[in-house]
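Since the structure comes first, as structure tokens, the remarks are kept for the end.
FYI, it's all coordinate maths here, none of it is from the lab. These numbers come from a predicted model, not from an experiment. All Cβ positions, glycine included, derive from the backbone under ideal geometry; neighbour counts span all protein chains shown.
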Amino acid sequence: MIRIATIAAVIVAGSGLIIMTLLSRGGDDQFAECRSSQVAGADLGGSFELVNGHGETVTSEALITEPTLIYFGYTMCPDVCPLDVDRNAAAIEVLEERGKIATPVFISIDPERDTPDVVRGFAAAMHPRMIGLTGTPEQVQTASKAYRTYYKAHPPVDGEYLVDHSTFSYLVLPDHGFVDFFRRELSPEQLADKIGCYVDNI
């Protein structure tokens, strides 16, 4: 099952590149030196409303008050999500050691199983400041569409199922919105370097 999930994640990650379009690099771009590739899409990112680990409804505007690293996944993912989210948490710790602060956010794309209690426990196990979010299927779909992520659940087998999904992490800044995405191949230090560049140029 783990091998199937890994292959599916790689396929989905590759297909996610299809949606990526050129991001403007004009001379007035204060983050030009930080951009590692010509990525992102016109109007990528945007408003959403989800439910936090305490069962409270939160909006993206209230959530994103400092540099925020967002990942879409699910807590029962057998291998890909735990590794990606742990990498993100480690990058946040590297940033903290450098005197920079960013908020790690985990958004579940499996609201059927990922209740507020479940995402709260998952996030807390990864990083003390990580915020776990879930919601209704409609709320999750709205957030996913805003960031053009992909997810699709497999048919259940003996009550269990995997969910194919894209594996990018998204950096969002207050007053700027989405600015960049990062692939899972980056090490924590490399990811911290990239996020740190944006933080330094706010």
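Remark: the Glu96-Ala153 segment gains 17.0 nm on full extension, using 0.36 nm per residue and subtracting the alpha carbon distance. Residues of region 157-189 falling in the label zone of Thr115, defined by backbone nitrogen less than 17 Å from a point 7 Å along Cα to beta-carbon, are absent. With contacts taken as Cα pairs under 8 Å at a separation of at least 6 residues, region 39-126 carries a relative contact order of 35 percent. Stretching Ser47 away from Ser187 to a fully extended chain increases their span by 47.5 nm, per 0.36 nm per residue minus the current alpha-carbon distance. Would you kindly calculate the translational diffusion coefficient of region 45-202, applying Stokes-Einstein with the Kirkwood radius from alpha carbon pairs, for 25 °C and a viscosity of 0.890 mPa s, and quote it in µm² s⁻¹ without decimals? It diffuses with D of about 158 µm²/s by this estimate. Here's the picture: charge each Lys and Arg Cβ at +1 and each Asp and Glu Cβ at -1 in region 76-202, and of Gly132, Val119, Ile202 the one pushed furthest to the positive end of that dipole is Ile202.
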